[in-house]
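Everything below concerns the one structure shown next.
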Amino acid sequence: MKSRALFGLLADGQIHSGESLATSLGISRTAIWKQLRRAMDEGVRIETIRGKGYRLLTDMDLLDSEQILDGLGLPHRSAVELIVLDEVDSTNAEIVRRRRESGNSRIPVCIADCQTAGRGRRGRPWQSPRGQNLYMSLGLTFRGSFAMLDGLSLVLGVAVAEALEGQGVADVGLKWPNDIFIGGSKLSGILVELQGELEEGVVQVVAGIGLNVHMTDGTGVNQSWNSLAGAFPERRWCRNELAAAVIRSVLEAVDEFVGQGFGGFRARWQSRDIFSGKSLVASQGELAGTGLGIDDSGNYLIAADEDVIRIRAGEISLRVQS
């Protein structure tokens, strides 16, 4: 649990003895070595200088709650309860746990440096290497029925895309229903999960967002992917700035969605649709046709023969026909 503090001390690129690090953090030198060894096993470059100590060679992009909160500004800063963790099984699962324990009305937002059991759509594992990407979940509350949540993952996709565009990322694409693409490869994914049962017209959801920032090794990823650093190597990316931008954009989009419904998002989503006009095939069943975009509820439309077929999120996964 001290790893973020440890790398905060090493971030200056100077040599630090094991004794000074241990004293600063209130742990043993053995514990310092174990954390450094673990980091090196995960690809962090650390120079060990005999008789002197350790020097960090990898440029670390450390998460910092104060920097994230500073980037939110008012009123968003006061609206959220921000939790920044070194490691967690899943940020979505952590939001569920926090909600059970917390009684305040602020929106819980959990960001972790690493996930040990990150999840994507349909229970697929989400690769979550330490210190490289953004793993974030928000606990959102809506008043109404489950039907009002139609299109929520698409609203969040628009919010993430607009946050990235605000950071200078061009040509962001959206893949129905919950992926963000760049240059033909997946950059980010969204997982929306209902929490508990509908009670007195209140629907609680957990919205998980994974965004590839610095990742260079995609071992175990079974689809084409990219990261911001890979797509824009000339730019120095900061996870704290990205986190603040995404949180701001999501909160603003959710407010608009609650007040005006999905209608205001349709054109914004459609303009980024990577399936539009493409020959598509369903990964389940025998459905095939041409992508026509989405309807007013966020269902995807496919022209198959002389019919237009509406597909609800969660029913079928679509891909471009090869």
Going by a ≥ b ≥ c, the root eigenvalues of the Cα gyration tensor, does the range 42-86 fall in the rounded group (a/c under 1.5), the prolate group (a/b larger than b/c) or the oblate group? prolate
If I take R0 = 51 Å and measure r between the Cβ atoms of residue 171 and residue 19 in this structure, what FRET efficiency does the formula 1/(1 + (r/R0)^6) give, to the nearest 0.05? 0.50
Using Cα centres only, tell me the gap between the range 19-75 and the range 291-309 in whole Å. 50
So what is the calculated 222 nm ellipticity per residue for the chain, using -39500 (n - 2.57) for each DSSP H run with n of 4 or more, over all residues, to the nearest 500 deg cm²/dmol? -9000 deg cm²/dmol
Cα gyration tensor, the range 1-56 - rounded (a/c under 1.5), prolate or oblate: rounded
Kindly provide the trypsin sites (Lys or Arg not before Pro) of the range 232-261 that DSSP labels as loop, not H, G, I, E or B, and whose Cβ sees at most 10 other Cβ atoms within 10 Å. 236
In nanometres, the difference between 0.36 nm per residue of separation and the alpha-carbon distance of residue 307 and residue 49 is 85.9 nm
Sorting check: for 11-23, 40-52, 105-117, which peptide has the highest mean count of neighbouring beta carbons within 10 Å, and how do the rest follow? 105-117, 11-23, 40-52
Give me the net charge for the shell around residue 291: Cβ to Cβ below 9 angstrom, other residues only, Lys and Arg +1, Asp and Glu -1. 0
Dipole in debye (nearest 20) - the chain, about Cα centre, beta carbon charges: Lys, Arg +1; Asp, Glu -1: 1080
Taking θ = phi - 60°, what integer Hz values does the Karplus form 6.51 cos²θ - 1.76 cosθ + 1.60 yield along the range 47-64, in sequence order, with x for Gly and Pro? 8, 9, 10, 4, x, 10, x, 10, 9, 7, 9, 7, 6, 8, 9, 7, 6, 9
Could you tally up the Lys pairs in the chain with alpha carbons closer than 22 Å? Skip any pair fewer than 8 positions apart unless they're on separate chains. 6
Decide, for the range 65-270, between rounded, prolate and oblate: order the square roots of the alpha carbon gyration tensor eigenvalues as a ≥ b ≥ c, take rounded if a/c falls under 1.5, and otherwise choose prolate if a/b is larger than b/c, else oblate. rounded
Whole-Hz ³J(HN,Hα) from phi, Karplus 6.51 cos²θ - 1.76 cosθ + 1.60, for the range 291-303, glycine and proline x: x, 10, x, 10, 9, 5, 9, x, 6, 8, 9, 10, 8
Pick out, from 215, 80, 16, the residue whose Cα sits farthest towards the positive end of the charge dipole of the chain, with +1 on the Cβ of Lys and Arg and -1 on the Cβ of Asp and Glu. 16
Keeping every protein chain present and rolling a 1.4 Å probe, give me the accessible area per residue for the range 65-270 in Å². 43
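The values are calculated or read from the model by the stated rules, or taken from the named source; none is laboratory data. What you see is a predicted model; the values in this text were computed from it and never measured. Heads up, the Cβs are rebuilt from the backbone with ideal geometry, glycines too, and the neighbour counts pull from every protein chain shown. All accessible areas refer to the heavy atoms of the entire protein, side chains included, with ligands and DNA or RNA removed. Shrake-Rupley method; radii C 1.70, N 1.55, O 1.52, S 1.80 Å.
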